[in-house]
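Derivation of every value follows stated rules applied to the coordinates shown; laboratory data play no part. Note that the coordinates shown come from a computational prediction; the quantities given were computed from them, not determined experimentally. Glycine gets a Cβ as well: all are built from the backbone with ideal geometry, and neighbour counts include every protein chain shown.
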Amino acid sequence: VYSYRLTTPYLFVLGVVQISMKWFHYNSVFEPPAADHINCPNYWWRNLLYINTLFPVKDMCMLWSWYLADDTQFYVLGTILLIMAVKHFRAAASLMVVFLISSWCTTAYIAFSNKHMPNVDDPLALFDKIYDKPWTRLGPYLVGMATGWFLFKIDCKIKMNR
């Protein structure tokens with residue numbers, strides 16, 4: 001329900017961005033910083049389905065909305081895992097661990113194969129390959145889900161020695 005409540009304003013903003021960026025492109029002395037006036041007419045439907053991060057950045061409409069797509073995809077996957085955990089907890093937990101390790105290994109492989117060395121000069125050097133892709137972002141989401149489940153199980157009462 002949460003994701004659907006967000007869809008209406010998201011589509012409204014998509015329309016406003018399309019109209020305003022096209023207007024700025026043709027009527028302003030300043031060129032729009034993003035290619036939304038070119039990409040949005042062709043690729044707006046990817047945003048509607050929240051799958052825009054599955055495609056290259058050069059083909060994305062409203063690049064700055066990348067996390068909405070990732071978060072919605074994770075929400076769907078997380079819901080499936082939680083429903084599965086009701087009857088088959090060990091299978092769901094095992095699948096979650098497999099997804100977590102796969103996410104870490106995928107990120108490491110992409111970074112290694114692109115000879116990526118993180119640095120402060122260009123922190124988003126591999127934005128299109130690592131930063132916005134759901135297969136590299138899934139790990140932290142699953143860690144959060146596991147932490148939430150753990151806190152739920154202990155009723156948020158963490159015992160610590162002084």
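Charge dipole (Cα centre; +1 on Lys/Arg Cβ, -1 on Asp/Glu Cβ; no other charges) of the stretch 1-115 amounts to roughly 320 debye. In the stretch 2-153, the ratio of gyration radius to Kirkwood radius, Rg to Rh, stands at 1.05 when only Cα atoms are counted. When a/c reaches 1.5 or more, the comparison of a/b and b/c decides; with that in mind, is the stretch 121-162 rounded, prolate or oblate per its Cα gyration tensor? Judged from the Cα gyration tensor, the stretch 121-162 comes out oblate (a/c at least 1.5, b/c at or above a/b). Based on alpha carbons, the Rg and Dmax found for the stretch 1-89 are 16.2, 61 Å.
Taking Cα atoms only, the orientation of helix 2-27 departs from the longest principal axis of the chain by about 20 degrees. Using C-alpha pairs below 8 Å separated by at least 6 residues, the relative contact order for the stretch 2-153 is 19 percent. At R0 = 41 Å, how high is the FRET efficiency between Glu31 and Trp104 if r is their beta carbon distance? Nearest 0.05 is fine. Taking R0 as 41 Å, the efficiency between Glu31 and Trp104 is 0.55. Among the listed pairs Lys87/Lys133; Lys22/Lys129; Lys58/Lys133; Lys87/Lys159, those whose Cα-Cα separation exceeds 22 Å are Lys87/Lys133; Lys22/Lys129; Lys87/Lys159. For the chain, Cys105, Cys156 stand unpaired, since no other cysteine beta carbon lies under 4.7 Å from theirs.
Between Thr147 and Lys87, what FRET efficiency comes out of the Förster formula 1/(1 + (r/R0)^6) with R0 = 35 Å and r the beta carbon distance, rounded to 0.05? Approximately 0.95, to the nearest 0.05.
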